[in-house]
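I have placed the structure first, in the form of structure tokens, so that the comments after it can refer back to it.
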Amino acid sequence: SSCFGSNEEASVKIKITTDLYPEEMRWDVTFSDLSFKANIVKWSGEGEDYDPKSTKVVERCLPRDCYVFNIYDAYADGICCNHGDGEYIVRYNGVKVADGKRYGAKQSTMFGSCDDNDTSPVVEGA
């Protein structure tokens, strides 16, 4: 997938396979602490927009920057494995930068055009 003016923009693709209770899930993409727009929400999705036990892919061209993908679950059991085999995958310009299944209440992963190219999960809370 290509973005217009690809030097300034990058493709962000979010693929989510839901469990039986997608309404418990939501996600957002925020600017990371390394960005001067830190913690501003750039893009978000609500579980109500997803069908149970189904896969949906959304894609957007975003300015090249350092972002954090946050995914939340109201019941704190992620999207696997008690009520279905759900998972999520985030790609930045086609490269997988985040994925998960059993993430509890929240999982946050820094990705994108970050100074240190660190795309490892940032674990917050318990």
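The values are calculated or read from the model by the stated rules, or taken from the named source; none is laboratory data. Note that the structure is a prediction, hence the values are computed from the model and not measured. Please note: Cβ atoms are built from the backbone with ideal geometry, for glycine as well, and neighbour counts cover all protein chains shown. When the accessible area is computed, the model is the full protein with side chains, heavy atoms only, and any ligands, DNA or RNA have been set aside. Shrake-Rupley method; radii C 1.70, N 1.55, O 1.52, S 1.80 Å.
Just want the answer: with Cβ charges of +1 for Lys and Arg and -1 for Asp and Glu, which residue in TRP43, LEU62, CYS80 is farthest toward the dipole's positive end in the stretch 12-89?
In the stretch 12-89, that residue is LEU62.
With a 1.4 Å probe and all protein chains in place, put LEU62, LEU34 in order of accessible area, largest first.
Listed by decreasing accessible area, they come as LEU34, LEU62.
Who wins for biggest fluctuation among SER32, SER108, SER54 in a Gaussian network model of the chain, springs between alpha carbons below 10 Å?
Of the options given, SER54 has the highest mean-square fluctuation.
Order the following by accessible area, largest value first: ASP65, ASP115. Probe radius 1.4 Å; ligands, DNA and RNA are ignored.
From most exposed to least exposed: ASP115, ASP65.
Can you spot the aspartates and glutamates whose alpha carbon is less than 14 Å from LYS53's alpha carbon? Ignore those fewer than 8 places along the same chain.
Here the aspartates and glutamates satisfying the reach criterion relative to LYS53 are ASP19, GLU23, GLU24, ASP85, GLU87.
Tell me, what is the 1.4 Å probe accessible area of THR18, in Å² to the nearest 10?
We get 0 Å² for THR18.
Going down the table (LYS37/LYS106; LYS37/LYS101; LYS15/LYS37; LYS37/LYS96; LYS13/LYS101), which pairs top 20 Å between alpha carbons?
Cα-Cα > 20 Å for LYS37/LYS106; LYS37/LYS101; LYS15/LYS37; LYS37/LYS96; rest within.
Using +1 on the beta carbon of Lys and Arg, -1 on that of Asp and Glu, and nothing else charged, what's the dipole of the chain about the Cα centre, debye to 20?
280
Using 0.36 nm per residue of separation minus the Cα-Cα distance, give me the extension gain between LYS53 and GLU8 in nm, one decimal.
Length gained between LYS53 and GLU8: 12.6 nm.
Return the distance in nm (one decimal) between the two label points of a simple spin-label model at LYS101 and ALA74, each offset 7 Å from Cα along Cα→Cβ.
Each label point lies 7 Å from its Cα, and together they span 2.5 nm.
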